[in-house]
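Right, one structure below, let's go through it.
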RNA sequence: GGGCACAUAGCUCAGAGGUAGAGCACUACGUUGACAUCGUAGUGGUCGUAGGUUCGAUCCCUGCUGUGCCCACCA
């Protein structure tokens, strides 16, 4: 027997789903859920909890539906983030900055990884995520390394990957190139300094506006627009760069915008993307004035060398002012590029890097989605996907850090590049190239962008390039569930890489979930202190409650506002379910494997079977279309509003001997014991069906309660064999519900105590009144405290659907208020009826509306008319009572 | 500058071309042997705004306003 107190902690810890996750169904239809590998940098946050819960629901649902489900887990090495984190720790422990070696760092990170991935796996278990942990993978494990090298070499040989010397976004803190996607634009306050550039002969000057005066040392020209008459006279002449007196030409270039600044712009090709282009167009030299930390290098006057860029800026401005070369300073808002990981302002920098020709890889990836081979849910995210891929630029994949996939390229002493899957391959190539053995090759120091390997995750996890059954089965039979923020980073790259390596889409569906926010709708962040830890929530309310709540709130394409309060809704529901099973147990309900719903005879049982079947069919539709919110809601309503509020109350008189009279059974020629058994079986059956469909969302409690009821196996409910005729049962139960509600409502509105015993008369012809009273009399008595009689002296009449109920009263009651209510209702009904009539009188409506709608309108008018005349009759009789 | 999404009850959100829904909150009553993490009955909305399409629009289309987000540019 269940405890009175529902305590998730008492049983959730006892379940491990590893076994069932690794139990596969050999010949069934394959289905794979690709878990986005969490970074090894930290704990799981509430966003992970949402993402993983939703995919776990899918995985469990598919398993119940008989698919061969592979739910593949893993963790991501997360290059830059991890390295920054571990470096920080090492430095904090007293190691001096320059002294850290590659070997030492990697050793420390591997140590960190072992610990961290263990923590993550435990957190996944706690959340009940049913991955197959025996197949855990790591984006930097040996198999991944092989696959990454193979793809790298293949892309290189096909001309889709190359080494180039060009301008990239450079992070001076990390001291590495980063990709365009890792750049975040932020608006900051800045200044625009207007600086005099004097002509060579000193007779005149041009004023140039810049937000970066420290870069004047890298200036190689001043550009003006060819159409700008103001500066015509300067073109072709030379101006003097302040402070260093270098002479540079004034050139014409369309890039100079007469509207912006002063219309004359200084050109610094080494430190600005636009200037770089101008430089190329005009064959200007390139003067790089920064080192990799964005400190000024030997190209600048000695007093500036080694200075940081911001310090240099102040100094330059200072000197300019002293030399009266500063015309004015404007305050401006400017949007600057920051590194998303380091948080520092980035520098454009010309370096040697490896690039992927993303434009070519994007074409099949775009086509796959255009052709509908991959569907985004919700669909509108496809726009974002197309927008990005259609304007994609070369993808810089090399990083000047140590943690990651080392680039499989080797250099000869003359700089000759040998790209190979292994060092021995490279040596072979070198032998071939140089024609001699002893040429020493040096491997590229850099590593690959983390997303290079993440993009291969769908086939890396299936042991590609090894040909195997799982790879053939599961590749392209996957779903990916993830947030919109990594559509560019991850989803699109998986599609590009997948189309390239496998010539086929990796997955057919991409479910994009919303962002979890705090209760005010703010983004969660450590600095705001509004972060909700899913594991703390699990401790407080149980993992099932957290899962249920996340599912309940996840309507497609919408963000979720999370709070403890909302999780209570989930917890309360599970408590209710717990008590449902407790009630069933107390009344001897046990799941009976041989129970046949077709055999039940009591209309209450037929009715609840009907309701259960309908609801669960709807739940199935919801799961199929990934409407987790609908699924959660439907189960909630089915259990709480239908099973608890009605059915369980209906059958109490039957289950509880003392309240049972022979009448209840006799109407159906049933032995009391048989009827009781019927109800017990039905109740257990209904509860078990609901528990089964709840299982994907709340697996712990479902397992526990299912077991308590004696249904050891969780399988998806099947209703195909139910052939019952429900018509009469539904009509009767609907009337029953209406009677009970009406009596309760009348009692409340006249401020009668709910437990006051009253007599009622049922007048009507929709069902056989006598039979109805015989079957349901006791139930109505128990639930509404009224007894059916043949007549009453004084009564308050109530209009039911197809019947009138007279509620007997033994004293005069002020019915004025009630009369007013009824009048309001008449007015309401009339309004609705008139609206329907108005349409019916409209020829266009009759001709153009569908037949069903017209029929429905006719029916509505009829029903409303009847109702109105009944209410009017009631008003009349109430008035007579006064 | 280009694009996407959203706007429904006090709050959080579902919803459908044809009679507006839930949970929470609120009001009143209630501890009857599953459950006070509960029960019963209520209150509460011209579905952001202006047009258009339609027999009919809260739903479809367009403009507007507001909110959030993405991309691009900035001397």
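What follows draws every value from the coordinates through simple rules; no lab data is involved. Since this is a predicted model, take the numbers as computed values, not measurements. In this analysis, Cβ positions are derived from the backbone assuming ideal geometry, glycine residues included, and neighbour counts consider all displayed protein chains.
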request  = Order these peptides, A:731-744, A:213-226, by their mean beta-carbon neighbour count within 10 angstrom, highest first.
outcome  = A:213-226, A:731-744
message = For chain A, take the longest principal axis of its alpha carbons; what is the angle in degrees between that and the long axis of helix A:816-840, to the nearest 10 within 0 to 90?
response = 70 degrees
inquiry  = Suppose only helical runs count, i.e. DSSP H with n ≥ 4. What mean residue ellipticity at 222 nm does that imply for chain A under -39500 (n - 2.57) per run, divided by all residues and rounded to the nearest 500 deg cm²/dmol?
reply    = -14000 deg cm²/dmol
Largest-first ellipsoid semi-axes for segment A:248-300, taking √(5λ) over the Cα gyration tensor eigenvalues, angstrom = 23, 12, 10
key: Isotropically averaged projected area of segment A:305-448, using the convex hull of Cα atoms (one quarter of hull area), nm²   = 16.0 nm²
query = Which of the peptides A:140-152, A:369-381 is most tightly packed, and how do the rest follow, judged by the mean count of other Cβ atoms within 10 Å per residue?
reply = A:140-152, A:369-381
key: Stokes-Einstein D for segment A:1-57, Kirkwood Rh over Cα pairs, 20 °C, 1.002 mPa s (µm²/s)   = 144 µm²/s
remark   = Bridge orientation stat for chain A from DSSP, antiparallel percent rounded to 5, came to 70 percent
remark   = By Cβ neighbour count within 10 Å, fewest first, A:411, A:162 rank A:162, A:411
ask   = For segment A:489-599, what's the radius of gyration and Dmax over Cα atoms, in angstrom?
value = 21.2, 63
task = Can you check how the C-alpha radius of gyration of segment A:58-185 compares to 2.2 N^0.38 Å, as a plain ratio?
result = 1.39
note = For chain A, inverting the pair-averaged 1/r of distinct alpha-carbon atoms gives a Kirkwood value in Å of 33.6 Å
request  = Could you run the Debye sum over the Cα atoms of segment A:232-340, one equal point scatterer each and no solvent, and tell me log10 of I(q)/I(0) at q = 0.09 Å⁻¹, two decimals?
outcome  = -0.28
task = Rank by packing, highest mean first: peptides A:279-290, A:482-493, with packing defined as the count of other Cβ atoms within 10 Å averaged across residues.
result = A:482-493, A:279-290
request  = Could you state the angle between the C-alpha long axis of helix A:672-694 and the longest principal axis of the C-alpha atoms of chain A, as a value from 0 to 90 degrees rounded to the nearest 10?
outcome  = 10 degrees
Calculated over segment A:722-848: convex hull of Cα atoms, volume per residue (Å³) = 153 Å³
note = tail above 20 Å in the computed P(r) of segment A:378-443, as % of all Cα-Cα pairs, reads 51 percent
ask   = What is segment A:455-506's relative contact order, in percent, from Cα pairs under 8 angstrom and six or more apart in sequence?
value = 51 percent
Between 0 and 90°, nearest 10: helix A:628-637 axis offset from chain A longest Cα axis = 20 degrees
